[in-house]
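*Asks:* Have a look at this one.
The values are calculated or read from the model by the stated rules, or taken from the named source; none is laboratory data. Remember, it's a predicted structure, so these values are computed and weren't measured experimentally. Counting neighbours? That spans all protein chains shown, and the Cβs are built from the backbone with ideal geometry, glycine included.
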Ligand code: CP
């Protein structure tokens, strides 16, 4: 989205709401073109991608860094733990500091809703043209997770239009669910949200408290109980044991061929039975693989506009 002032036009990916169906299809097409390409591409040679993580991450931080390296960018990973954030530095001062290194992009994960938007605002103050990619802001959005999920679904099932997806578990605290519901809507898929009433908010999509609602789904998308975001003393479920008994995804609750997804990290034996996680119908590893090519595609889309994906991948 363009910014005002004398800045060059910059684009950010802060939310799935920044995209329309054409944007999603273009990013997925770019990811397909990049999939299987061996070695590095020169796309972002001489440009800097900073990954700035204020929250724990394995998949998102690793895949963004690897994606940037595969596109020949210089990378600068910053974790808040061990940085000057520990000494009380504000988000604004950290961003103003990092802007001095003239990054092409800052990929940010932060526990506060709206933090990626705030980074974009601070970059304007710093007179920086850097692009911001939201790698998860609190319970709000995780747009590249939704894009990689679409990619993994399309690869496994051959289509997105008309798919029916059941998202099961702690929707209330899930930026993944909020992003995915929007993204599935853009591509013509339908969604049912399944779980305990206190963890499935109204107004996002069709909802059900009954685990039997997963029966008709092509994909069962399982969410972790995000205990780190739950209010102390609040009783969202009577107990984790009861949650698992009523809503845990076990082999007995699935049809043969029904695909199972999880954004990770998995709490095996809580929301997802280990036998399901390791089964042939689990797309969990495919999601991780998709994360790399989709994040390459997103960086390409934001930073190397106008270069056809097939051309950069050398497959045109
Ligand atoms: N899905 C996801 O965001 O995983 P990480 O927290 O490991 O990045």
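A quick yes/no check of all residues on (1) more than 16 Å from the ligand (Cβ to nearest atom); (2) in a loop (DSSP other than H, G, I, E, B):
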{"residue": "109", "(1), (2)": "no, no"}
{"residue": "116", "(1), (2)": "no, no"}
{"residue": "124", "(1), (2)": "yes, no"}
{"residue": "128", "(1), (2)": "yes, yes"}
{"residue": "139", "(1), (2)": "no, yes"}
{"residue": "147", "(1), (2)": "no, no"}
{"residue": "154", "(1), (2)": "yes, no"}
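*Asks:* Working carefully through the options 195, 188, 257, find the one that is in the same structural domain as residue 148 (by TED's automatic domain parsing) and either in contact with a strand residue (DSSP E or B) (Cβ under 9 Å, 6 or more places away or on another chain) or within 16 Å of the ligand (Cβ to nearest atom) (or both).
*Replies:* From the options 195, 188, 257, the qualifying one is 195.
*Asks:* Look at segment 229-268 and say how many of its residues are touching a residue at least 40 places away in the same chain (Cβ under 8 Å), in a helix (DSSP H, G or I) and buried (at least 17 other Cβ atoms within 10 Å of the Cβ).
*Replies:* 3
*Asks:* If only one of 60, 51 is part of a strand (DSSP E or B) and within 13 Å of the ligand (Cβ to nearest atom), which one is it?
*Replies:* Testing whether each residue is part of a strand (DSSP E or B) and within 13 Å of the ligand (Cβ to nearest atom) leaves just 51.
*Asks:* Does residue 272 satisfy being over 12 Å from residue 169 (Cβ atoms) and either in contact with a helix residue (DSSP H, G or I) (Cβ under 9 Å, 6 or more places away or on another chain) or touching a residue at least 40 places away in the same chain (Cβ under 8 Å) (or both)?
*Replies:* no
*Asks:* What do you reckon, is residue 94 touching a helix residue (DSSP H, G or I) at 6+ places or on another chain (Cβ under 7 Å), away from the ligand (no atom under 14 Å from the Cβ), part of a helix (DSSP H, G or I) and at pLDDT 95 or above?
*Replies:* Yes; evaluated as a whole, the condition is true for this residue.
*Asks:* Give segment 158-177 a look and list any residue that's within 19 Å of the chain's Cα centre (by Cα) and either outside any helix (DSSP H, G or I) or surrounded by fewer than 23 Cβ atoms within 10 Å (Cβ to Cβ) (or both), or say none.
*Replies:* Across segment 158-177, the qualifying residues are 160, 165, 166, 167, 168, 169, 170, 171, 172, 173, 174.
*Asks:* Moving on. Can you pull out every residue in segment 97-107 that is closer than 20 Å to residue 298 by Cα and assigned to a loop (DSSP other than H, G, I, E, B)?
*Replies:* Passing the criteria: 102, 103, 104.
*Asks:* Same structure again: Can you tell me which residue within segment 198-216, out of those that are touching a residue at least 24 places away in the same chain (Cβ under 8 Å), farther than 23 Å from residue 143 by Cβ and touching a strand residue (DSSP E or B) at 6+ places or on another chain (Cβ under 7 Å), is surrounded by the most Cβ atoms within 10 Å (Cβ to Cβ)?
*Replies:* Here the residue is 214.
*Asks:* In this structure, does residue 286 turn out to be within 30 Å of residue 38 (Cβ to Cβ) and either within 16 Å of the ligand (Cβ to nearest atom) or in a helix (DSSP H, G or I) (or both)?
*Replies:* Judged against the criteria, residue 286 is a match.
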